[in-house]
Amino acid sequence: MDEYIAQCRHDGDQRIKAHTNGVSVVLVGYSEEGSVTEPYLSAASARTFARGILALADEVDGGEEKAGPATDNRPKVGDRVIVIEDDPDDRTGEFVNLVGTLTDIIGGPYTPYLVKFGEGSHGDVDGQWYCQRVEKVADEPDSPSAATITRPTREAYLHRAAELLGADPSALDLIELADYLAGEDA
């Protein structure tokens, strides 16, 4: 997640941080005591606020050369995406590196992206899952088969097996459980 910090030029303990939670632009004002305020702005309000800040900065120093239009690489509903980080609190790593279709972007700060991998049930690797971070996948001339999209990596099965087995599992236990999780197609 990108975040931008503006540091006060007169007081090193004062700063403003801006980031997004997937739905809102969040500004957090800090002082020596810690977080002071945390407004959540709609995208339209954030743009208006940013334009105002730029206008004020232009008054101070005359402005900079205008940059060209920025390209918007954020994933949108309907895009093919790869999971960079799945749910950090539940079944971590099981869906990482899987490619699917972004079907919804919800307002939650933790897992805003619902990705569909196949026709299976929610929570299945051939179903759908809410994820923390995804990236758009470059369009390919030929669509990959469903098996290519939904099959998790061997590493994802090993991560899940390690998570289920807990501390210090044997290599044999890890491999056996990963094979079991992978099913007959592994």
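The values are calculated or read from the model by the stated rules, or taken from the named source; none is laboratory data. Just so we're clear, the structure is a prediction, and the values are computed from it rather than from any experiment. Reconstructed Cβ throughout: ideal geometry from the backbone, glycine too, with neighbour counts over all protein chains shown.
Numbers at a glance
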| quantity | calculated |
| --- | --- |
| Selected residue (criterion: farthest from residue 86 (Cα to Cα)) from residues of segment 141-186 that are at pLDDT below 70 and touching a Phe, Trp or Tyr at 6+ places or on another chain (Cβ under 8 Å) | 186 |
| Residue in segment 7-26 that is of a type in the set (Lys, Arg), more than 27 Å from residue 111 (Cβ to Cβ), at pLDDT 80 or above and surrounded by 12 or more Cβ atoms within 10 Å (Cβ to Cβ) present | yes |
| Near pairs, Cβ below 7 angstrom, 6+ apart or cross-chain, from segment 155-178 (in the same structural domain as residue 94 (by TED's automatic domain parsing) and under 20 Å from residue 97 (Cα atoms)) to any residue that is of a type in the set (Val, Ile, Thr) and surrounded by fewer than 17 Cβ atoms within 10 Å (Cβ to Cβ) | 163/92 |
| Those residues of segment 92-104 which are touching a residue at least 40 places away in the same chain (Cβ under 8 Å) and crowded, with 17+ Cβ neighbours inside 10 Å, in sequence order | 93, 94, 95, 96, 98, 99, 100 |
